[in-house]
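The values are calculated or read from the model by the stated rules, or taken from the named source; none is laboratory data. Keep in mind it's a predicted model, so treat the numbers as computed, not measured. Here the Cβ positions follow ideal geometry from the backbone for every residue, glycine too, while neighbour counts run over all protein chains shown. The protein model used for the area step is the full one, side chains on, heavy atoms only, and it has no ligands, DNA or RNA in it. Shrake-Rupley method; radii C 1.70, N 1.55, O 1.52, S 1.80 Å.
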Amino acid sequence: MAVPAARSRRPGGPQPGDRGRRVAVSPVVLRELHRQVGDTIQVAEPPLSLRVTGTVLNPADIDDLVAVTGRGVLGTDARRSWLISLPGGMEARSVLRGAGLSLIPRELATGASRPSNGVLDPIPTIAALALMIAMLIVAAAFAAGVRREIHDLGLLAAVGGTPAQLRASVLIRGVTLGLVGGVAGVALGILAAVAVYPALDRITGRLPHPLALPAIPLLGAAAAAVLAGTAAALFPARFAARVPPVDALHARVPTGPPPRHVSRLGIVAIALGSAITAVGAQPINNLAVSLAGLAILFGGFVACSTAVVAAVEPLARRRLPLAGRIAARQAARTRSRTGPAVAAITVALAVPVFVASVALTGQADDRAHWLPAQGHDQLRISYAARSEGEPPPAAVRAVVAAIPGALAAPLRQALFPDEQMPVVVSPRPGVDQTEEPSGLYVGDDDLLAALGAQRAATDLAAGKVVGVGRATTDNGSVALHREDFRDDTGNAASILDPDARALPAAQVDDRPLIGIHYVISAPEAQRQGLTTYPQGTLVRAPHAITPDELQAARAALAPYPELTVDAGPGTPPQSVTTPLLMLLFAVSGAVALAVVAAMVALAQAEARTERRTLFAVGASPAVLRGTAAATAGLLALLGGVLAVPAGLLPLAAVDAATRAAVPLVVPWAGLAVGAVLVPALAAAGSAAFTRTTSGSRGPTERLS
């Protein structure tokens, strides 16, 4: 088995008598075979015993089944492969053509089979959204601070302070807060990286690179925090400089621009941001452009938050409980302070919605592009130690007899006879890099029946190539290629094979197996000058094969230890591992809840004057707690409702632009959590942690 790169661990030195009979295997092999280092394992063909002297890992997939042994241990019949590094400017096709070799270029061996759009990568997107959330939180805190200090700012203006000095006093605090927060954030990030690194291989499914702390990115993160703090202080600073001194001395805060004007600009920003996000995904395919579109889109939702808060005032005239009417009226009339809180909650809750949708859509995409190894009614008989060879007829008959009603068909892949080069087939002579041509198999009605495509028997007999699966033919034809026809064009967007052969074809819209998409009859293969080499036997039952039948089939092969039976479809691959997605969702959800708690606490602290007024006019502590709970629930509800389109619109825009094979998957459970559970928790927490006591100066509330 060839492995691109590996890390080995060898306990002790070689033991006497095992020279040339040693093997290193991956830990998953040891677990499945219930062995440990120092034990022996048996190889069926050639029959020999190998002593496990160490473990080896495929860095790209730590759960890969890997075994590495010495040269010549498996005999001369073992299939060999080489990793070849060519000098610059040399082409593999020109060097190795005529050698009878099958070439796999680096791009196909190490690259992903499907390109992914950068905006669908949750990690950089979440990082950008986290920066925006931090800016919104700081902006809301600064806005609240400026409103609380409006009288002090008025005194500063009254003694001769200029608007520029007022702006500077607020901006300096923003720079200071950003610097302190940036340094603290970098320190916490380093501690988190050190804590997570030991488990990073299990989270990502691959060996991580050595932990590094590059200075430039860390300084960039701190600089981004300073910029975020400064940007967050810009609007409050501008607001502080524009408040008339007389209003400031009387602590009168202007209500700001009309909500309709702000909402119109917000709607325009949402539409523009969606368009830029889509363009960044296709045709530009640039992550920076998509992130800029996301920033504009979320800025639009921030601008709309004030209008949404103002729109709840009519609820105060409805048949709501007293606490609900008071909360709706107060939120609408103090929209300049509740709007930023709703905006921060919106962006914070949009992140879990985004992550959940990306995760579910990615899993659906993996399942849509995944081809099963076999169906539930199929199994394959092959040699355990090599991929070539046709099982003895007696062995095949024994397996078929163990499964009532089963039929068997040999698997023979077509070759070009001159260099024994496998034939691969695509719908057209021009092949896009995202397409993966499939092998051509030679067979008769039995092979079609084993594949579930027996209704194409007439077309096969007529000399047509039968394509199993959707989009396997193009206007009733297919193109035959050499397997290495695009070895030296790995960087091209598409390849037109001038040597492709066009043959008539018929399509059967069944689900194909891995690598088995096309079948040609033996007479037509002979007319095309093709030869074959066997790859085992495919067996199909008239029903899903039961565990007892599978056990009986394996028992039937007991006299043939060199043969093995593979059954079942296998499991779909994961473009992003489930532990990583769970970690991202948990972190984003925890941050969202923390932001909701912070914004609710800030809004409640600012509403202290209104609650003192309510107490002064005779409101009971129960009414005060109910009002606090209703206010918290209302803010979280508005943020949760706005988070639904905020989290789904960018993905919908990308989905529309890229024409993805899998439509966007809506995380209904996540939407219910954001729109129902989070507001309920906010209301319950606010009611529980709001304490009211009466004193000489009225009630005081303490949120802890």
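Flag set for Pro667, criterion: under 36 Å from the mean Cα position of the chain (by Cα) and crowded, with 22+ Cβ neighbours inside 10 Å.
Only one entry of Leu642, Leu593, Leu648 meets the criterion of being within 39 Å of the chain's Cα centre (by Cα), open to solvent by 30 Å² or more (accessible area, probe 1.4 Å) and not small (Gly, Ala, Ser), and that entry is Leu593. Within segment 501-543, the set of residues being open to solvent by less than 60 Å² (accessible area, probe 1.4 Å) and among the small types (Gly, Ala, Ser) comprises Ala505, Ala506, Gly515, Ser521, Ala522, Ala525, Gly529, Gly536, Ala541. Considering (1) in contact with a His (Cβ under 6 Å, 6 or more places away or on another chain); (2) under 22 Å from Leu415 (Cα atoms), the lone condition that Ser521 does not fulfil carries the number (1). Evaluation of Ala398 against the conditions (1) touching a residue at least 40 places away in the same chain (Cβ under 8 Å); (2) open to solvent by 10 Å² or more (accessible area, probe 1.4 Å); (3) part of a loop (DSSP other than H, G, I, E, B) shows that the sole unmet condition is (3).
Look at Gly185 and say whether it is more than 24 Å from the chain's Cα centre (by Cα) and either without any contact (Cβ under 8 Å) to a residue 24 or more places away in the chain or open to solvent by less than 70 Å² (accessible area, probe 1.4 Å) (or both). Working first, answer last.
Numbers: more than 24 Å from the chain's Cα centre (by Cα): yes; either without any contact (Cβ under 8 Å) to a residue 24 or more places away in the chain or open to solvent by less than 70 Å² (accessible area, probe 1.4 Å) (or both): yes.
Considered against the rule, which asks whether it is more than 24 Å from the chain's Cα centre (by Cα) and either without any contact (Cβ under 8 Å) to a residue 24 or more places away in the chain or open to solvent by less than 70 Å² (accessible area, probe 1.4 Å) (or both), Gly185 comes out as yes.
Going by the conditions given, is Ala657 open to solvent by 50 Å² or more (accessible area, probe 1.4 Å) and among the small types (Gly, Ala, Ser)?
Numbers: open to solvent by 50 Å² or more (accessible area, probe 1.4 Å): no; among the small types (Gly, Ala, Ser): yes.
Here the answer is no, as Ala657 does not meet what is asked.
Residues are listed down the side, and each one gets a yes or a no for (1) small (Gly, Ala, Ser); (2) more than 33 Å from the chain's Cα centre (by Cα); (3) surrounded by 15 or more Cβ atoms within 10 Å (Cβ to Cβ):
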| position | (1), (2), (3) |
| --- | --- |
| Pro547 | no, yes, no |
| Gln551 | no, yes, no |
| Pro559 | no, yes, no |
| Gly570 | yes, no, no |
| Leu583 | no, no, yes |
| Ser588 | yes, no, yes |
| Ala607 | yes, yes, yes |
| Phe615 | no, yes, yes |
| Ser620 | yes, yes, no |
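For segment 358-372, the criterion of being more than 30 Å from Asp497 (Cβ to Cβ), at pLDDT below 90, among the small types (Gly, Ala, Ser) and surrounded by fewer than 16 Cβ atoms within 10 Å (Cβ to Cβ) is satisfied by no residue at all. Test Pro321 against the criterion of being open to solvent by 50 Å² or more (accessible area, probe 1.4 Å) and under 23 Å from Gly626 (Cβ atoms), and give yes or no. Yes: the conditions hold for Pro321. For segment 324-350, the set of residues classified as under 26 Å from Val587 (Cα atoms) and open to solvent by 30 Å² or more (accessible area, probe 1.4 Å) consists of Pro340 only. Being among the β-branched types (Val, Ile, Thr), within 21 Å of Leu664 (Cβ to Cβ) and in a helix (DSSP H, G or I), is that true of even one residue in segment 302-311? For segment 302-311, residues among the β-branched types (Val, Ile, Thr), within 21 Å of Leu664 (Cβ to Cβ) and in a helix (DSSP H, G or I): absent. Applying a threshold of 8 Å to beta carbon distances and a minimum spacing of six or more residues, or different chains, the list of pairs starting in segment 203-220 at a residue that is of a type in the set (Ser, Thr, Tyr) and ending at one that is assigned to a loop (DSSP other than H, G, I, E, B) reads Thr204/Thr577.
Checked against (1) open to solvent by 40 Å² or more (accessible area, probe 1.4 Å); (2) touching a strand residue (DSSP E or B) at 6+ places or on another chain (Cβ under 7 Å); (3) not basic (Lys, Arg), Gly389 meets all criteria but (1).
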